[in-house]
1. Provide the per residue accessible area, probe 1.4 Å, for the chain, rounded to a whole number of square angstrom.
2. Can you list the HN-Hα couplings for segment 270-276, worked out from phi with the Karplus curve (6.51, -1.76, 1.60; θ = phi - 60°), rounded to whole Hz and with x for Gly and Pro?
3. Using the Karplus curve 6.51 cos²θ - 1.76 cosθ + 1.60 with θ = phi - 60°, work out ³J(HN,Hα) for each residue of segment 65-82 in order, rounded to whole Hz, and write x for Gly and Pro.
4. Nearest 500 deg cm²/dmol is fine: what mean residue ellipticity at 222 nm does the chain get from its DSSP H runs of n ≥ 4 alone, each adding -39,500 (n - 2.57), divided by its residue count?
5. Quick one: what are the phi-derived ³J(HN,Hα) couplings along segment 179-186, Karplus 6.51/-1.76/1.60 with θ = phi - 60°, whole Hz, x for glycine and proline?
6. Amide H to amide H, which residues 5 or more places from Leu129 or on other chains are under 5 Å from it, using H placed in the peptide plane?
7. Residues with beta-carbon under 15 Å from that of Gly312, excluding Gly312: net charge, scoring Lys, Arg +1 and Asp, Glu -1?
8. For His55 and Arg84, what is the calculated FRET efficiency with R₀ set at 30 Å and r taken between the beta-carbons, to the nearest 0.05?
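The values are calculated or read from the model by the stated rules, or taken from the named source; none is laboratory data. Since we're looking at a predicted model, the values are computed, not measured. With ideal geometry, Cβ positions are generated from the backbone for all residues, glycine too; neighbour counts draw on all protein chains shown. Only protein heavy atoms, including side chains, enter the accessible area calculation; ligands, DNA and RNA are left aside. Shrake-Rupley method; radii C 1.70, N 1.55, O 1.52, S 1.80 Å.
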Amino acid sequence: MSVSVKGDLLARKTRALPLSPKALAEAAAILRRGGLVAFPTETVYGLGADAANPHAVAALYRAKGRPVFNPLIAHIAELAEAERIGHLDDTARRLADAFWPGPLTLVVPAVDPCPVCDLARAGLATVALRMPGHDGTRALLLAFGRAVVAPSANRSGHVSPTEAAHVMADLDGRIDLVLDGGRTKVGLESTIVACLPDAPPRLLRPGGVPAEAIEAALGVPLAARGAGGDGPSAPGMLPSHYAPAARLRLDAAAPAAGEAWLGFGPGGPAGGFNLSPAGDLAEAAANLFGYLRALDAAGPDVIAVAPVPDRGLGRAINDRLRRAAAPRP
Ligand code: TXA
Ligand code: MG
């Protein structure tokens, strides 16, 4: 890790290496020294730091420009590691059984004292846990040997990265290493479910595991975010997020003059990009963030977006599109 001080910002030389056993060993060594490593998962690229090291976590918040009230997800490779960090009740265990490794994050009460430092949890008594379903991520976690906190590897508020080049575009010069594992498969962040005492399981963020699949595994409906008054919420679910520079116009039938076009399904207007010409929601999810970045790069004022069905992965796609379209602070 080479670090030099530029103003009050830590400027770093960022290297990009293809995923390989050697690169993974180097990444683990950087994490041990308190450095910052971006790596692919099955959902989006994450920006990792040692969960137990508050200095590393502080540097991570700074590199992203992320508000420190927004807690991070701890990534683990083994269930035993999850249980050293959080209290998993029967519901949480059932969900871990059904969907781990995979794109599901569980928010559970934190063990006290918690191996995931206070700063990474934004001082909350709960902790977010995820076991990623990606061989490279798993190998990194095993090489490092304990939990790695990792938000999506973008500047705070930007579109999440699904390729190493997206990470470089946002974070070059701010982190130590990017492991390049090609395009991510799912393309949307994990689904977040809170499993907390004296409350029904609650969907905090739609994502890579459709809510319908979770409900089928549990046999009960999930409570909605914010339902039941002061229920827990995901502090990071700000109304404006995942934002390209262009404004988004949603549920458009066709682009108006001068607008860029993001289509979905067969038979729409020509030009621009189509999330999935066949109307496949998994394909659309995988393409969403990359196409938003690509359209935005041409500098249009407005990106018009075709309607996407609000079921299965479509619910997570629409959540991200609504946030990208929301008025900016
Ligand atoms: O797929 C993913 O989840 C990716 C990859 C890298 O694993 N990570 C990701 O992290 O999307 P991030 O930081 O972009 O989003 C984490 C979300 C935030 O909205 C945060 O507020 C919420 O998780 N969160 C973290 N800890 C929480 C807690 N204890 N209670 C409620 N929400 C929490
Ligand atoms: Mg994010």
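1. Working: 13490 Å² over 329 residues.
In whole numbers, the chain has 41 Å² accessible per residue.
2. Each residue of segment 270-276 in turn: 7, x, x, 10, 10, 4, 7 Hz.
3. Computed from phi, the couplings for segment 65-82 are x, 8, x, 6, 7, 9, x, 10, 8, 8, 9, 10, 9, 10, 4, 4, 5, 4 Hz.
4. Values: 9 runs with 96 residues, N = 329.
That calculation yields -8500 deg cm²/dmol at 222 nm.
5. Here the 3J(HN,Hα) series is 8, 9, x, x, 6, 7, 7, 7 Hz.
6. The list, which skips near neighbours in sequence, is Ala74, Leu106, Val107, Val108.
7. Numbers: positive: Arg311, Arg315, Arg320; negative: Glu212, Glu215, Asp280, Glu283, Asp310, Asp319.
Local charge sum for Gly312: -3.
8. Numbers: r = 22 Å, r/R0 = 0.72.
Between His55 and Arg84 the formula returns 0.90.
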